[in-house]
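Quick notes on the structure that follows.
The values are calculated or read from the model by the stated rules, or taken from the named source; none is laboratory data. As the structure is a prediction and not an experimental result, all values here were calculated from the model. Cβ sites come from the backbone with ideal geometry, for glycine too, and all protein chains shown count toward neighbours.
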Amino acid sequence: MSDAVMDLGLSPRVSELRDKVADMIENEVMPVEHEFLEEVSKGDRWQYTDRMTEILEGLKAEARKRGLWNFWLTDSERGYGLSTVEYAYLAEEMGKAHLGAETFNCSAPDTGNMEVFERYANDSLKEKWLAPLLEGKIRSAYAMTEPDVASSDATNINMSCVRDGDSYVLNGEKHWISGAGDPRCKVYIVMVKTGGEDDPKHKRHSQIVVPADTPGIEILRPMHVFSMDDAPHGHMHMRFTDVRVPAENLLLGEGRGFEISQGRLGPGRIHHCMRAIGQAELALSLMCKRSIQREAFGKPLAQLGANFDIIANARMEIEQARLLCLKAAWMMDQGDPRAAAPWISQIKVVAPLVALKVTDDAMQMFGGLGISQDTPLARQWMHLRTLRFADGPDAVHRRQVARAELKKHTQQKMA
């Protein structure tokens with residue numbers, strides 16, 4: 001571990017930024033979210049109504065006007081100049097609102113994709129795709145998971161990508177491609193197999209930039225999340241048939257896909273966890289207000305059953321999860337991804353579980369309303385439960401944590 005002093009606190013600069021973000025979330029984003037979500041079912045669910053566009057673009061324009069934009073990109077002159085620890089406090093506030101992250105151009109999968117373009121793309125690709133993404137003019141998707149292989153072990157990824165003259169030709173299927181249903185999604189970064197069985201296992205894959213309007217790409221269906229299609233964002237099942245892409249769209253070169261994916265997924269996993277902490281805080285706040293305002297059997301709900309213990313445990317578990325998240329962010333800031341990896345895996349397991357538990361308890365406090373559209377809790381629960389699969393399921397991350405722990409006690413290579 002680094003000998004550097006571990007400072008996880010708020011600097012005066014970030015404290016001011018957090019207050020500005022929190023104020024905008026509470027007073028401008030949250031008040032219009034219900035109307036935005038109600039608009040989804042008016043007409044084509046995979047298109048934005050005029051009112052949806054007005055709401056979202058209005059929020060984004062106001063955020064840009066206030067200089068609250070692109071916080072997430074660390075170690076880059078294009079970004080805000082924040083460390084991962086500093087960004088954690090802002091992401092927590094954004095996590096409290098469905099439109100929070102996109103309001104400040106800090107939403108997945110765009111943040112991860114912009115990092116890939118920033119770090120690994122040539123100047124031509126940066127100009128064509130990174131510039132409009134940084135401006136919030138378009139959206140993007142990251143295509144990795146496949147229906148026919150266990151994609152939690154990414155060495156199984158099997159989409160064919162064959163060099164043909166000045167092009168690569170892609171064939172295969174991808175699913176759970178988040179954001180690909182959005183009509184603003186104009187570009188995909190796709191994990192493909194370019195190597196053969198004789199190549200080292202982690203040198204067989206590459207990543208390539210594919211414009212969304214390339215001939216041969218077919219969206220087969222939206223994958224449902226707990227029976228919801230998550231329109232207009234969506235998590236699409238797609239087929240690529242003889243999709244021809246210029247060779248210069250391959251990032252870094254053949255066989256470097258895993259190198260790129262680790263550079264992308266580490267920060268992205270932390271960002272998800274930061275937002276999950278914010279969702280847990282929102283759930284606890286709603287739970288407390290409900291427990292005081294609602295009465296049953298002649299008493300406020302707070303005084304019934306084990307509700308004191310439930311509220312107390314929620315506060316303690318959130319605080320523990322936040323500290324672990326900040327430490328993982330600090331480890332990432334030290335510049336050694338290998339050393340940071342076990343900490344990222346720890347928080348990737350812990351944060352969604354804590355946020356899920358607090359959200360579930362809050363739903364219980366609301367009774368039937370807790371599973372209805374009248375609170376954000378049911379939708380929040382759905383996204384948090386899905387997060388336990390996104391960027392690697394719990395079991396994979398626990399395996400990584402255990403391997404790192406056992407390595408301290410044995411010289412034997414763990415299988």
Pull up the range 84-124, narrow it to residues that are hydrophobic (A, V, I, L, M, F, W, C) and in a loop (DSSP other than H, G, I, E, B), then point me to the one that is surrounded by the most Cβ atoms within 10 Å (Cβ to Cβ). 104
Check off (1) modelled with pLDDT under 95; (2) surrounded by 17 or more Cβ atoms within 10 Å (Cβ to Cβ) for residue 155 and give me the number that stays unchecked. (2)
Selection within the range 202-227 - in contact with a helix residue (DSSP H, G or I) (Cβ under 6 Å, 6 or more places away or on another chain), of a type in the set (Val, Ile, Thr) and buried (at least 21 other Cβ atoms within 10 Å of the Cβ): 208, 209
Output for the range 125-154, where each listed residue is assigned to a helix (DSSP H, G or I) and touching a residue at least 60 places away in the same chain (Cβ under 8 Å): 125, 129, 134, 154
State the number of residues belonging to the range 296-352 that are within 22 Å of residue 10 (Cβ to Cβ), of a type in the set (Lys, Arg) and buried (at least 21 other Cβ atoms within 10 Å of the Cβ). 1
When the residues of the range 58-68 are filtered to those that are within 19 Å of residue 30 (Cβ to Cβ) and in a loop (DSSP other than H, G, I, E, B), which remaining residue is farthest from the chain's Cα centre (by Cα)? 66
Which listed residue is over 30 Å from residue 223 (Cα atoms), free of Cβ contacts under 8 Å to residues at least 12 places away in the same chain and not assigned by TED's automatic domain parsing to the domain that holds residue 177, from 19, 7, 44: 19
The range 365-414, subset outside any helix (DSSP H, G or I), of a type in the set (D, E, K, R) and within 20 Å of the chain's Cα centre (by Cα), residue modelled with the highest pLDDT: 388
Is there a residue being part of a strand (DSSP E or B) and polar (S, T, N, Q) anywhere in the range 247-270? no
Taking the range 334-362 and keeping only residues that are part of a helix (DSSP H, G or I) and under 18 Å from residue 259 (Cα atoms), one is left with 337, 338, 339, 340, 341, 342, 344, 345
Give the residue, chosen from 230, 182, 199, that is at pLDDT below 95, surrounded by 13 or more Cβ atoms within 10 Å (Cβ to Cβ) and touching a Pro at 6+ places or on another chain (Cβ under 8 Å). 230
Residue by residue through the range 1-55, note down the ones that are over 30 Å from residue 343 (Cβ atoms), touching a helix residue (DSSP H, G or I) at 6+ places or on another chain (Cβ under 9 Å) and in a loop (DSSP other than H, G, I, E, B). 40, 42, 48, 49
Return a yes/no flag: does the range 69-83 have any residue that is free of Cβ contacts under 8 Å to residues at least 60 places away in the same chain, in a helix (DSSP H, G or I) and small (Gly, Ala, Ser). no
Residue 163 fails exactly one of the following numbered conditions: (1) of a type in the set (D, E, K, R); (2) over 22 Å from the mean Cα position of the chain (by Cα); (3) buried (at least 22 other Cβ atoms within 10 Å of the Cβ). What is the number of that condition? (3)
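Every residue, every condition in (1) touching a Cys at 6+ places or on another chain (Cβ under 9 Å); (2) small (Gly, Ala, Ser), yes or no:
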| residue | (1), (2) |
| --- | --- |
| 273 | yes, no |
| 279 | no, no |
| 303 | no, no |
| 330 | no, no |
| 341 | no, yes |
| 352 | yes, no |
| 360 | no, no |
| 373 | no, no |
| 379 | no, no |
Among (1) in contact with a strand residue (DSSP E or B) (Cβ under 6 Å, 6 or more places away or on another chain); (2) touching a residue at least 60 places away in the same chain (Cβ under 8 Å); (3) not aromatic (Phe, Trp, Tyr) - the single one residue 323 does not satisfy: (1)
Could you grab the pairs with beta carbons closer than 7 Å, sequence gap of 6+ or different chains, first residue in the range 396-409 and over 14 Å from residue 347 (Cα atoms), second one not aliphatic (A, V, I, L, M)? 404/342
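Residue-by-condition table, conditions (1) in contact with a Pro (Cβ under 6 Å, 6 or more places away or on another chain); (2) closer than 30 Å to residue 38 by Cα; (3) not β-branched (Val, Ile, Thr):
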position: 281; (1), (2), (3): no, yes, yes
position: 326; (1), (2), (3): no, no, yes
position: 345; (1), (2), (3): no, no, yes
position: 358; (1), (2), (3): no, yes, no
position: 372; (1), (2), (3): no, yes, yes
